[in-house]
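A.B. asks: My questions will all concern the structure given below.
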Amino acid sequence: MPQEIFRDAFPKGRLPYRHWLSREWSSDGATALVIGINPNDATEMKEDGMSSFLVDLLSKLKGEFACGKYILVNCCDWRERFPGKLEDEKEPIISAKNRGTIMRMLAKCEFVVASWGTTDYGPKVAKARSDVSATLRKSGKRIICFSPRGQPIYCSRTNMNSQDGRWSKRPVPWSVV
């Protein structure tokens, strides 16, 4: 993992919605836009499992996907440790700012990492994924994932260490289904 990492997020701290989070370990290389399912515990000061895993994963990419920074946005910007609970959430799981944030951050990146997973979390999450997918298809950006089948697999140590063939060691073009 890189020695010095610059961290930022908006909003600061641990509020109910997190619109974006960034990590920069080098001024060299591209900016990757990672799109997950929903924010967990990471803030501008604190790491969680995904934020630290993404630094480790993306800092090792070479060639056309070599990068020095990522920005993380999510299909749903409501914080919840367990995405399966989003369907029953009383608050809106997508704030009015989420789509605009995704569009602004999309303009700042050279490529996108599709990491919103494939687990069924109900109709609200499926709609959010579908909306983000449509936005990405129109963007013209290069979109990669780490699934040999080109699916938007969740980027995590668990998936990377699985022996069942769900993870690719190298980036794979996202396959729009």
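Coordinate-derived values only; no laboratory data. This is a predicted model, so every value here is computed, not measured.
A.B. asks: So what are the radius of gyration and Dmax for the Cα set of segment 58-106, in Å?
C.D. replies: Every Cα atom of segment 58-106 included, Rg and Dmax give 14.6, 44 Å.
A.B. asks: Sticking to Cα atoms, compute the Rg of segment 87-163 to one decimal and its Dmax as the biggest Cα-Cα distance, whole number, in Å.
C.D. replies: Here Rg and the maximum Cα pair distance are 13.7, 40 Å.
A.B. asks: Name the residues whose placed amide hydrogens come within less than 5 Å of the amide hydrogen of VAL113, ignoring near sequence neighbours (fewer than 5 apart) on the same chain.
C.D. replies: Residues meeting the amide H criterion: LEU33, VAL34, ILE35, ILE144.
A.B. asks: Give the separation of the Cα centroids, segment 97-118 to segment 5-24, in Å.
C.D. replies: Measuring centre to centre over Cα atoms gives 14 Å.
A.B. asks: When only Cα pairs under 8 Å and 6 or more residues apart are kept, what is the percent relative contact order across the chain? Mind dumping the intermediate values first?
C.D. replies: Working: 360 pairs, mean separation 38.1, N = 177.
The normalised contact order for the chain reaches 22 percent.
A.B. asks: Let me ask something else. Sequence-distant or interchain residues sharing an amide H contact under 5 Å with SER156, placed H: which?
C.D. replies: Answer set, sorted by chain and number: none.
A.B. asks: Let me ask another. Rg and Dmax in Å for segment 19-142, alpha carbons only: what are they?
C.D. replies: So, for segment 19-142, Rg and Dmax equal 14.1, 44 Å respectively.
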